[in-house]
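What follows is a single structure, written as structure tokens, with notes after it.
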Amino acid sequence: MATPLTAARVLAALKAEGVTVVEVGSWRTHNRSGHGAWGPVAGVVVHHTVTSGTAASVAICRDGYSGLPGPLCHGVIDKRGVVHLVGWGRANHAGSGDGDVLRAVIAEKPLPAPNENDTDGNARFYGFECVNLGDGKDPWPAVQLEAMVRASAALCRAHGWSAASVIGHKEWTNTKSDPRGFTMADFRARVAARLRKAPGAGTSTPTPTDPSQEDTVPNPSMLNESNATDVELPSGEWVGLAFADPVVHSGPRLHNTLVHISLDENSPDDALVEGRFYLTDTSGKNPSAFQTITRHGGGGHQFALSGTVPAGKHLRFQLRVKTSDATPVTLLHRTATGPYWATT
Ligand SMILES: [Zn+2]
């Protein structure tokens with residue numbers, strides 16, 4: 001483990017590695033200081049944003065959203081291979097993960113599969129959020145991957161680490177699936193190859209065609225809806241949730257949404273709690289299939305989704321609670337919060 005680089009040092013390291021860098025606002029002092037440790041650091045975590053568009057992605061990663069304050073990483077790497085520095089110091093990106101993985105990273109040994117979330121990753125890792133929808137279909141342009149390799153290599157080189165110090169978020173915790181669309185083994189092989197070269201080797205990544213356009217970050221509107229009417233949830237049935245409205249978002253919109261629900265504390269500990277966001281047309285018909293997020297037991301639970309709601313579509317949310325003895329569970333309160341941007 002190592003003392004974190006200063007902001008000046010990381011900027012120099014990225015530039016020396018041939019990376020195009022955009023400094024966003026007061027990134028050097030934007031951090032989560034006062035909310036936990038920062039350092040000693042052991043490595044780099046690579047993420048995908050589940051967003052599209054540089055400006056909106058940079059804004060989310062800089063500002064965060066209700067329930068998860070920014071910065072959400074140190075650098076956002078866009079599809080043209082530009083690294084936007086949004087924060088320096090402790091950032092809300094890695095969250096809790098497996099201490100066995102941290103020990104393997106420190107030893108630069110092969111990683112065990114994560115199966116515990118017992119260690120604060122935000123204190124131990126640098127983080128890059130890479131703009132991609134994370135659906136396995138959104139492409140990873142070659143210039144973006146190259147910038148991701150170089151940015152990771154820049155930090156490894158500055159610390160004297162090998163490529164084994166670079167991990168994917170999904171390798172840190174079993175609660176995450178990012179990054180999706182390439183393998184971390186291939187990515188580490190590319191970082192290793194990069195580290196064998198001199199830092200300035202190769203052509204630099206392309207400069208943005210119009211940086212002034214791209215750096216304008218629109219201010220988001222904020223969703224802030226809640227509903228405290230008790231609802232009895234029959235065991236095993238999907239129930240559509242209304243907040244102020246059953247429609248969470250109407251397209252066209254880019255959004256980053258956090259649904260928080262409170263179940264009766266006396267709900268059984270073995271209760272299986274599932275949430276899913278889905279799209280419908282404006283009449284509420286033709287629901288899309290969406291991935292289900294799983295939680296357990298009574299009390300509060302959170303469900304997050306970032307992405308695009310196309311024109312003519314509505315985003316809704318459903319909850320299903322299953323108890324072993326099929327008794328119903330009472331939903332006490334729910335909120336839907338987060339930033340959104342109108343899109344065309
Ligand atoms: Zn992540």
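The values are calculated or read from the model by the stated rules, or taken from the named source; none is laboratory data. Worth saying up front: this structure is predicted, and the values here are computed from it rather than measured. All Cβ positions, glycine included, derive from the backbone under ideal geometry; neighbour counts span all protein chains shown. These area figures cover heavy atoms from the full protein model, side chains too; ligands, DNA and RNA do not enter into them. Shrake-Rupley method; radii C 1.70, N 1.55, O 1.52, S 1.80 Å.
Some points to look at:
- Relative contact order (%) - criterion: Cα under 8 Å, at least six apart; region: the chain: 20 percent
- With all protein chains modelled, accessible area of ILE106 [1.4 Å, Å²]: 80 Å²
- Here the simple spin-label model places points 7 Å from the Cα toward Cβ, and for LEU272 and THR183 these points are separated by 3.1 nm.
- P(r) weight above 13 Å for segment 74-144, C-alpha pairs, percent: 71 percent
- Under the criterion of Cα pairs below 8 Å and six or more residues apart, the relative contact order for segment 101-212 equals 32 percent.
- Placing one equal scatterer on every Cα of segment 24-119 and applying the Debye formula, the log10 ratio I(q)/I(0) at q = 0.16, 0.18, 0.23 Å⁻¹ is -0.74, -0.90, -1.20.
- For segment 7-214: rounded, prolate or oblate by the Cα gyration tensor [a/c cutoff 1.5]: rounded
- Karplus 3J(HN,Hα) series, Hz, for segment 78-92 with 6.51 cos²θ - 1.76 cosθ + 1.60 (x for Gly, Pro): 7, 6, 9, x, 9, 9, 9, 7, 10, x, 8, x, 4, 9, 7
- Between helix 54-63 and the chain: long-axis angle, C-alpha atoms, 0 to 90°, nearest 10: 80 degrees
- Gyration tensor (alpha-carbon) shape descriptor, segment 273-341, a/c threshold 1.5: prolate
- Protein heavy-atom accessible surface, 1.4 Å probe, per residue over the chain: 42 Å².
- When the surface is traced with a 1.4 Å probe over the full set of protein chains, ARG190 keeps roughly 90 Å² accessible.
- CD proxy at 222 nm, helix term only [per DSSP H run n ≥ 4: -39500 (n - 2.57); per residue of the chain; nearest 500]: -5500 deg cm²/dmol
- Crossing angle, helix 184-196 versus the chain [Cα axis fit, 0-90 degrees, rounded to tens]: 20 degrees
- Inter-site label distance for THR6 and SER288 at 7 Å from Cα along Cβ, in nm: 4.7 nm
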